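Okay, so here's the structure we're looking at.
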Amino acid sequence: MGWEWRKEHLDIMLVPIGLLIMLGYHLFLLYRCLKFPHTTVIGYENHSKRAWIDKTMQVDAKDRGMALSVISNHMSAASNMSSISLVLSSLIGAWIGNTSDSNIFTNRLIYGDTSASIISIKYMALLTCFLVAFASFVQSTKSFVHANFLISMPNTDIPVAYIENALIRGSNFWTVGLRALYFAATLIMWIFGPIPMFVCSVIMVALLHTLDRNSLPLHDFQPPSSRNLFKKIGEEITTMTRAFEHHERPNGNESRPTAAVNEQNRQLQQLALNNQNQQQQQLSNSGVAINNQNLQQQQEVINSGAGINNQNLQQQQQVINSGAAINNQNLQPQQVSNSGIDPK
């Protein structure tokens, strides 16, 4: 009796191929994250988080409330995802333990192996993915809590690398939890048969390859320039002026403000413009003062060099004069001897 094709063979062929496609893509993504992190969204986000921690630790501990709120939001998200994973794991466990009718799908709706052993394997694999996601999200919450403690610690010189490691570790566990849920999504489709599971694996890998790819260059995150600072100050003053206009606008049927309100608004706008001009003038004056100081230093260096040259010339002239005097003293006895007069 030869080999005969049956629909149960689809589970043996398509399910391992779909799982290998998912596993192979994630191994390729891990290689890119380790060797070429700037080409992945995970590496780009980790670079931004390191820069965020570096800038956050440059301010005082009492001014890090915004950073603590950001970490708290990450903790809340990880806690919610861990709760969802635990609830789904409990549902799958209750489903497996249901002795009344564990196969709610009829054999006519599923084109594949519908034996009791395969159904148990499906539920066990799905339960494993949800448990891995739950453990990953719990570890992510733990790392974020540790980073929160380090950021809020006052009067200490904590190395920035410690906080970066805690934050990046929490982000990595968050990513592992999400990937476990992606695997669980493909295994859920296996309940409906091996063909939906294989198609879901291919579509999932195509979507993840598009979402995990990064084409943006890594930013240096330098502080803003003074021009942008003045622009921001001007925008804030304009916003305050508009708020004051809205607050002082009269109620009732009157649609136009009074002359006194118009005069106050005009004075506020003029004051804001004068403040902005004064700040720009101070910036330009500081630049001119720095240039004048540099010119004075250069002039002092030139004058000192000229003084040193004059001193050297005077020393050389004195040496020449002393040499000429010595020569004159030597010539006088020779002239007396030539004239025949006794020098005594």
Q.
Let me spell it out: the conditions are (1) among the β-branched types (Val, Ile, Thr); (2) within 19 Å of the chain's Cα centre (by Cα); (3) modelled with pLDDT of 90 or more, and residue 59 meets all of them except one. Which number is the exception?
A. (3)
Q.
Please determine whether any residue of segment 149-168 is among the charged types (D, E, K, R), under 19 Å from residue 79 (Cα atoms) and assigned by TED's automatic domain parsing to the domain that holds residue 46.
A. no
Q) From the list 128, 141, which one is under 27 Å from the mean Cα position of the chain (by Cα), on the phi < 0 side of the Ramachandran plot and of a type in the set (S, T, N, Q)? A) 141
Q. Within segment 196-217, can you find the residues that are in a helix (DSSP H, G or I) and either crowded, with 16+ Cβ neighbours inside 10 Å or among the aromatic types (Phe, Trp, Tyr) (or both)?
A. 196, 197, 198, 200, 201, 204, 205, 208
Q | Only one of 144, 149 that is assigned to a helix (DSSP H, G or I) and touching a Gly at 6+ places or on another chain (Cβ under 6 Å) | A | 144
Q) Of everything in segment 135-149 that's surrounded by fewer than 20 Cβ atoms within 10 Å (Cβ to Cβ) and not β-branched (Val, Ile, Thr), which residue is farthest from residue 51 (Cα to Cα)? A) 135
Q. If you take the residues in segment 26-56 that are farther than 24 Å from residue 157 by Cβ and among the charged types (D, E, K, R), which one is surrounded by the fewest Cβ atoms within 10 Å (Cβ to Cβ)?
A. 35
Q: Find all pairs meeting these conditions: Cβ atoms under 7 angstrom apart; at least six residues apart or on different chains; first residue within segment 36-58 and more than 16 Å from residue 176 (Cβ to Cβ); second residue among the small types (Gly, Ala, Ser) and modelled with pLDDT of 90 or more.
A: 37/43; 49/171
Q: Could you please give the count of residues in segment 5-53 that are acidic (Asp, Glu) and modelled with pLDDT of 90 or more?
A: 1
Q) For segment 64-80, which residues satisfy the criterion of being surrounded by 12 or more Cβ atoms within 10 Å (Cβ to Cβ), within 17 Å of the chain's Cα centre (by Cα) and among the aliphatic types (A, V, I, L, M)? A) 67, 68, 70, 71
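The values are calculated or read from the model by the stated rules, or taken from the named source; none is laboratory data. Treat the numbers as computed from the prediction; the structure is a model and nothing was measured. With ideal geometry, Cβ positions are generated from the backbone for all residues, glycine too; neighbour counts draw on all protein chains shown.
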